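Step one of this worksheet: look at the structure below.
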Amino acid sequence: MSGQLAMTAPARRPFRALDEASYYLDSVSEPWSVHLEVRLRGTVVEDRLRRAVRVALAKHTRACGRALIAHPGRASQEWETTPTPDVDPLDVVTCADDDALQTTRADLQNLSVPLLTSPPLRIRLAHHRSGDAVMLNVHHAAGDGIAALRLLRSISRAYAGMPDPAPSTSPEEVQIPAPHGRWARLRALAGELRHTLPRSVHLAPSEGQDRPGYGLHHRALDAAQTTALTARPDQRTTVNDLLLAALHVTLDAWNSERGIAAGRLNVLMPVNLRPESDWYEVFGNFSFMVPVVTCPEDRGDPISVLNTIRNRTRRIKDERAPAAAARLLDVLQHLPPTVKRGITRLATSERVIPTAILSNLGRLHDDLGFGSELHADEVWFSPPARMPMGLAVGAVTASARLHLVFRYRHPLFSPVQVAEFADRYLVALHDLVAYRPPVPAGNRQLSTWSGLR
């Protein structure tokens, strides 16, 4: 009998360092959540979707868990896996128009998902006359952008009646690789601190309002514009490098126009620490944020800014510094909770906090459609950002188009100003893609990108 009880008892596991950092970063006014959304060409059947959600949660045990309240003497929080959800994570709304869809999207993402009941996420089905949307809000303590994508893929496959093979690696089996040897790890960590600790310039607020929560502004490139990102003569520069460079250029220009002197800009970029064999497969929190920094002299022309960013992203991959830093955070798990909360507050203080975040989920090889009758037209994704940073750009390429979400805190931007910032960003991205050697000053023209929306 005792063996049977042991088999049915809920499984417990400690929070990993990245889980706990996200736990401390979350608040009611600034939810630390992952936004993922698919817009479908057709109508989703509610009961069928609800069954698909249950199947997906059963497949990814970390997506069906709750946090246990830590005892005063316990160094770490714990997750407890539940066989079934404590609450139904799915709700359904009907949106009369695009404004209503935007409102319900923001309402969902401005929810701080409770962690004391499972699952640590919420799902919303939004009916719309031009096509339904399935939206996810995943608490970042439970999963990152890749995790949200994997869960949505399981939901779509279950809805469509398609097979959904389990990952070959479980979340508990994920081993974070780090540089071999103590000195190599110390050098990598010292390099990361050199990029992280110096003070960075903040983004200038414009017409913001002192109220809680986020706004979300969507933009998409058409298929031709998206193809142009990869059809460049210089194949050493990745799409992610271009997205980062365009953000640095836009931040610089935006601040300069508002009287803020050009300075050190620091854009955080997540690095996926999953094994390559299960790069998009494991549900959990396995993305570590690293700084990508430029100084005024790096942003003098497109070649300079692209070289600076490309060199930095190559070093990040080659030196395994993010993995070394993540391993160090796991060591810090044994510190008292009050100390860890203090470290988190220090890391997000005005003195240390970066300028912005850019997170790119990459190119999806399936369209996340819910069967042959429900093709996915759009996929949208965004990470969170606290003030005084307040801006995170999420990118994902699906259905042959690049989708961008500018997720912003209300004290930073008004809806009109975030649209202006997005316009500037897309022009900067085009100019970097289309850059050619300089021509005489009399022949220069301001480049534009037709068809932006």
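Taking every residue in region 211-228 that is farther than 22 Å from D431 by Cα and pairing it with any residue that is at pLDDT below 95 and assigned to a loop (DSSP other than H, G, I, E, B), at least 6 positions away or on another chain, the pairs with Cβ-Cβ distances below 6 Å are P212/S29. For region 1-42, the tally of residues that are at pLDDT 90 or above, open to solvent by 40 Å² or more (accessible area, probe 1.4 Å) and either acidic (D, E) or in contact with a strand residue (DSSP E or B) (Cβ under 7 Å, 6 or more places away or on another chain) (or both) stands at 1. Take L136 and decide whether it is buried (at least 20 other Cβ atoms within 10 Å of the Cβ), touching a residue at least 40 places away in the same chain (Cβ under 8 Å), part of a helix (DSSP H, G or I) and among the aliphatic types (A, V, I, L, M). When the stated conditions are applied, L136 does not pass them. Taking P179, is it part of a loop (DSSP other than H, G, I, E, B), at pLDDT below 80, over 23 Å from the mean Cα position of the chain (by Cα) and surrounded by 19 or more Cβ atoms within 10 Å (Cβ to Cβ)? So P179 passes the test.
Results for (1) on the phi > 0 side of the Ramachandran plot; (2) at pLDDT 80 or above; (3) in a strand (DSSP E or B), shown as yes or no for each residue.
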| site | (1), (2), (3) |
| --- | --- |
| V267 | no, yes, yes |
| V271 | no, yes, yes |
| E297 | no, yes, no |
| I303 | no, yes, no |
| N311 | no, yes, no |
| R315 | no, yes, no |
| L328 | no, no, no |
| Q333 | no, no, no |
| K340 | no, no, no |
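Taken across region 366-382, residues that are open to solvent by 10 Å² or more (accessible area, probe 1.4 Å) and under 24 Å from R211 (Cβ atoms) do occur, with at least one present. Number of residues in region 88-103 that are open to solvent by 60 Å² or more (accessible area, probe 1.4 Å) and closer than 15 Å to D47 by Cα equals 1. If you check G143 against the conditions, is it open to solvent by less than 40 Å² (accessible area, probe 1.4 Å), over 17 Å from H218 (Cα atoms) and either part of a loop (DSSP other than H, G, I, E, B) or in contact with a helix residue (DSSP H, G or I) (Cβ under 6 Å, 6 or more places away or on another chain) (or both)? When the stated conditions are applied, G143 passes them.
Taking A160 as meeting all but one of (1) touching a His at 6+ places or on another chain (Cβ under 8 Å); (2) touching a residue at least 40 places away in the same chain (Cβ under 8 Å), write down the number of the exception. So A160 meets the others, but not (1).
Among the residues of region 104-123, just one is of a type in the set (A, V, I, L, M), modelled with pLDDT of 95 or more and open to solvent by 60 Å² or more (accessible area, probe 1.4 Å), namely L111. Every condition in (1) open to solvent by less than 10 Å² (accessible area, probe 1.4 Å); (2) under 17 Å from N307 (Cα atoms); (3) more than 23 Å from the chain's Cα centre (by Cα) holds for H248 except the one numbered (3). With the requirement that a residue be in a loop (DSSP other than H, G, I, E, B), at pLDDT 95 or above and either touching a Cys at 6+ places or on another chain (Cβ under 9 Å) or open to solvent by 30 Å² or more (accessible area, probe 1.4 Å) (or both), what does region 213-237 give you? Answer for region 213-237, where residues must be in a loop (DSSP other than H, G, I, E, B), at pLDDT 95 or above and either touching a Cys at 6+ places or on another chain (Cβ under 9 Å) or open to solvent by 30 Å² or more (accessible area, probe 1.4 Å) (or both): just D222.
The values are calculated or read from the model by the stated rules, or taken from the named source; none is laboratory data. Quick caveat: nothing in here was measured; it's all calculated off a predicted structure. Because the Cβ atoms are built from the backbone with ideal geometry, glycine has one as well, and the counts that use them run over all protein chains shown. Ligands, DNA and RNA are excluded from the accessible area calculation, which covers all protein heavy atoms including side chains. Shrake-Rupley method; radii C 1.70, N 1.55, O 1.52, S 1.80 Å.
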